[in-house]
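Heads up, the thing below is written out as structure tokens.
What follows is calculated from the coordinates using simple rules that are stated; it is not laboratory data. Nothing here was measured: the structure is a model prediction, and the numbers come from that model. Because the Cβ atoms are built from the backbone with ideal geometry, glycine has one as well, and the counts that use them run over all protein chains shown.
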Amino acid sequence: MSNNQKILCLIRNERVTLTPEESVRQQFLSFLIDEKGFPKGLISVETSLRHLVNLSDDSSLLVPDRRVDIVCFAKGPSSLYPLLLVECKSIKLTKKVIAQVMGYNHFVHAPYIAIVNELEIQFGWFDKEKKDYSFIKTVPDYKKLY
């Protein structure tokens, strides 16, 4: 892929540079919207971790200056809340990559996380009994998560 190639982002509605990671992100966004029923209007792309933490009113945390690839929101009783936090990679999904998204979720507190590349999906949630994350290799429909 040439760095001169552009692709229309499904969420940002603007042309962005087509990097290998952006290709994964756009394919996964299409999958979430078209196959899993995630509302397009409740998805955010390349959101600052600091902005997401400000939504939770816990400004005392030292939040890294990082961007989250995809955040899918749900409507709560009084506001939106992060439902699914997604990290997109163009590389193999390793324990280090999984630890990265779990680290981001330490600040965001989404009930679900996912790590994806071109070939693989790791969808997880914190299992209170195991006191660790459990993972499956697919993403449930939005209605089942919400």
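Observations
- Rounded to the nearest 20 debye, dipole of the range 6-145 from Cβ charges on Lys, Arg, Asp, Glu: 80
- Semi-axes of the equivalent ellipsoid for the chain, computed as √(5λ) from the eigenvalues of its C-alpha gyration tensor and ordered from largest down, come to 23, 18, 17 Å.
- Expected 222 nm ellipticity per residue - DSSP helices of 4 or more, -39500 (n - 2.57), all of the chain, to 500: -7000 deg cm²/dmol
- Since only Val45, Phe126, His109 are under comparison, the one whose Cα sits farthest along the positive direction of the charge dipole of the range 34-146, derived from C-beta charges on Lys, Arg, Asp and Glu, is Phe126.
- Neighbour cut-off at most 14 other Cβ (10 Å), DSSP loop, trypsin sites (Lys or Arg not before Pro), the range 34-135: Arg66, Lys92, Lys128, Lys130, Lys131
- Between Phe38, Phe73, Phe135, the residue with the greatest mean-square fluctuation in the GNM of the chain (Cα pairs under 10 Å linked by springs) is Phe135.
- Helix 20-30 axis versus longest C-alpha principal axis of the chain: approximately 70°, rounded to the nearest ten.
- Net dipole in debye of the range 64-112 [+1 Lys, Arg Cβ; -1 Asp, Glu Cβ; about Cα centre; nearest 20]: 180
- Note on Lys143: lysines with a C-alpha under 25 Å away, same-chain residues under 8 apart excluded, are Lys36, Lys40, Lys75, Lys128.
- Beta bridges per DSSP with both ends in the chain, % antiparallel, nearest 5: 85
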